[in-house]
1. When the distances between all Cα atoms of segment 352-433 are binned every 5 Å from zero, what whole-number percent does each bin get?
2. Under the rule a/c < 1.5 gives rounded, and otherwise a/b versus b/c splits prolate from oblate, where does segment 508-646 land using the Cα gyration tensor?
3. Whole percent per 10 Å bin, from 0 to the bin with the longest distance: what is P(r) over all C-alpha pairs of segment 143-300?
4. Compute the distance from the alpha-carbon center of segment 536-565 to that of segment 378-410, in whole Å.
5. On full extension of the chain, what length is gained from Lys218 through Met132, given 0.36 nm per residue of separation minus the C-alpha to C-alpha distance?
6. How far apart, in nanometres, would the label points at Ser646 and Lys170 be if each is projected 7 angstrom from Cα along the Cα-to-Cβ direction?
7. Can you give the net charge of the other residues whose Cβ lies under 11 Å from the Cβ of Leu297, counting K and R as +1 and D and E as -1?
8. Quick check: Cα centre of segment 150-224 to Cα centre of segment 500-527, how many Å?
Amino acid sequence: MRKLLLLSAVILVGLAFISRLFYLQIYEGRSQDIFEDTAIKKEFNYPKRGYVYDRNGKLLVANQPSYDVMVIPREIEDMDSTKIEEFCKFLKISKEEYDKKLKRAKSYSYRLASPFVQQLSKADYAVLQEKMRKYQGFYIQRRSLRSYQTSIGANVLGNIGEVNRKIIKKQPYYKLGDLIGMQGVEKTYEQTLRGTKGIKFIQKDRFNKNIGSYKDGKFDTLPKPGKDIKITIDTKLQAYGELLMTNKRGGIVAIEPSSGEILAMISGPSYNPNLLVGRDRSKNFTKLYRDSLAQPLFDRGLQAMYPPGSPFKTLNALIALQEGVVTTNDRFACAMGYRYGNRKMGCHAHHSPANMNIGIYESCNSYFANVYRRIMDKYDSPAKGMDVWSKHIKSFGLGNYLNNDLSVGQPGKVPTSSTYNRGYGKNRWYTTFTLSNAIGQGEVLATPIQLANMAAAIGNRGYYYTPHIIKEIEEETIPTRFTTPNYTTIDKQHFEPVIEGMFDVYNKGTAKNLKVEGIEICGKTGTAENFAIIDEKKTQLTDHSIFVAFAPKDNPKIAIAVFVENGYFGSRFAGRMASLMIEFYLRGEISRTDLEDFVLRYSLEHEYAKPYSGEAFSINRQTTLEAIDEEELKTLNALKLDIIKS
């Protein structure tokens with residue numbers, strides 16, 4: 001029995017040794033455990049970030065070298081005050097900053113590298129690299145910063161910034177000091193553009209000295225460069241749109257209807273993307289972020305939700321035809337508005353009675369109030385009518401995020417029966433409670449990109465492609481969701497009379513003074529009421545100027561939506577800007593220089609200052625025109641010439 005126990009003990013001890021040996025040589029030898037070994041130093045090699053080109057192959061975003069001083073706190077040797085002062089002088093920081101940065105690094109990790117001083121200039125790097133051997137625990141890490149080859153499209157291109165701990169926790173690929181896309185295409189296509197880091201493992205001895213490559217580089221990897229991308233933006237059109245938006249606030253989105261490619265995406269005011277590159281990035285970002293009045297970081301083309309105003313009437317016309325509640329010849333009287341109960345929806349003077357064509361090109365509120373009521377009253381309850389109407393509206397891409405590839409956005413708002421049930425109680429509201437929806441006011445909200453997409457769907461006679469910013473990815477194909485058409489709930493034959501009405505907006509309607517000879521433009525003006533809370537009171541401000549259009553009439557090449565905040569009626573600013581951008585895109589030049597001179601000459605900055613200055617708004621909510629000085633106008637015209645020549 002004793003022999004059996006002894007033999008069993010020997011076997012168990014042997015198995016234990018074998019298991020431990022297996023664990024040490026096989027399990028701990030695997031590459032993923034190297035990261036936990038404090039005797040092995042890890043050096044990352046950062047890849048080239050992919051370039052960004054516009055739709056015509058123009059380089060928009062490249063790279064420039066950047067050098068960061070990194071620190072591993074546990075490897076720092078004792079340095080006397082003289083040596084620290086010398087080091088601080090090279091880094092151009094104070095002793096207090098040195099202590100603060102070292103404390104931050106220690107709080108992150110004693111044994112892992114973290115950035116100490118980032119983005120040294122080439123000159124500082126040249127001086128410092130020869131001295132680094134004197135400062136144990138510090139080393140220089142080479143990275144790539146973005147180099148923007150343009151001063152426009154900041155909201156489109158976005159920027160890159162340093163990851164924070166929240167990002168690192170969600171995405172362990174990143175380490176403190178790494179850069180990541182923060183906005184725009186840099187954010188959306190981060191994984192495509194960034195590439196993959198390479199890594200080198202270095203063995204250390206018991207004195208913490210480097211003694212060579214770990215296992216002859218068996219686990220080392222080379223960096224994999226990021227892929228280049230081509231985006232759908234037309235740089236010249238983008239630049240021209242930003243020029244027109246000077247001294248104004250609002251959003252412009254232009255789409256190619258046949259593909260859903262975004263041709264231009266303007267948000268005003270904007271900023272130069274180069275402000276968010278280099279050591280001044282943090283300071284400049286803070287300045288832009290804290291500008292709560294102009295909000296340059298707020299992408300109005302994608303995030304601002306406005307009442308769509310009269311352009312929305314085109315959808316009500318289409319729904320009425322689809323539902324069979326009107327014909328194109330049905331006429332409704334307009335006596336400067338539409339009366340219901342003891343209330344009145346006002347309207348301007350025009351031909352009366354109006355049929356669908358007149359209703360669209362004269363933008364008759366009374367006509368569309370009657371049309372809207374017929375849609376709702378077709379069904380046995382307002383709730384049923386509302387849900388049918390809502391489904392039609394949403395089929396044009398309103399009320400959702402559009403499933404696009406943009407880094408930010410808002411869904412807008414399309415009410416349903418539930419919206420009014422919550423507000424008034426179930427079965428306690430009627431069609432007249434929702435009548436403002438007939439003219440694009442009320443509970444309806446839309447972003448400029450949604451209205452541009454709506455215009456594209458009308459121009460295509462009933463379908464649209466999901467708006468997107470990516471055109472090509474190196475060695476890849478773009479997602480099929482961008483090449484698959486989305487069909488509306490409206491039959492194709494119903495679009496022609498609505499398109500004729502939009503065409504007559506330019507021929508004899510509210511945009512007749514904006515016509516461009518030789519281009520068949522279909523458009524719709526809009527004016528949306530604008531309110532703000534001032535001194536705890538709801539105050540009506542100057543109306544927003546809105547315009548949607550597409551051109552040419554048949555086989556359109558461009559669809560566009562323009563919102564100009566506080567711009568008053570649709571043809572005053574937004575309509576002019578839409579006509580100019582359409583002609584510029586289709587012809588590459590401008591014949592209606594009178595429209596261009598008006599847009600460039602007059603500023604709306606005084607309108608935006610009124611809620612804060614105490615200056616009263618006009619009784620009829622009309623903007624007072626205020627011209628810029630001649631020198632600024634000359635500068636803007638010079639910029640225009642540069643855009644055309646570029």
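The values are calculated or read from the model by the stated rules, or taken from the named source; none is laboratory data. All values reported here derive from a predicted model rather than from experimental measurement. Note: ideal-geometry Cβ built from the backbone for every residue, glycine included; neighbour counts use all protein chains shown. Calculation scope for accessible area: heavy atoms of the full protein, side chains included, ligands and nucleic acids excluded. Shrake-Rupley method; radii C 1.70, N 1.55, O 1.52, S 1.80 Å.
1. In order of increasing distance, the bins hold 3, 13, 18, 17, 18, 14, 10, 5, 1, 0 percent.
2. Numbers: a/c = 2.63, a/b = 1.48, b/c = 1.78.
Taking the square roots of the gyration eigenvalues as a ≥ b ≥ c, segment 508-646 is oblate.
3. 9, 30, 29, 17, 8, 6, 1
4. Cα centroid to Cα centroid, the span is 19 Å.
5. Values: separation 86, 0.36 × 86 = 30.96 nm, distance 2.80 nm.
28.2 nm is the gain from fully extending Lys218 to Met132.
6. 3.3
7. Working: positive: Lys287, Arg290, Arg300; negative: Asp291, Asp299.
Charge balance near Leu297 sits at +1.
8. When both Cα centres are located, 52 Å separates them.
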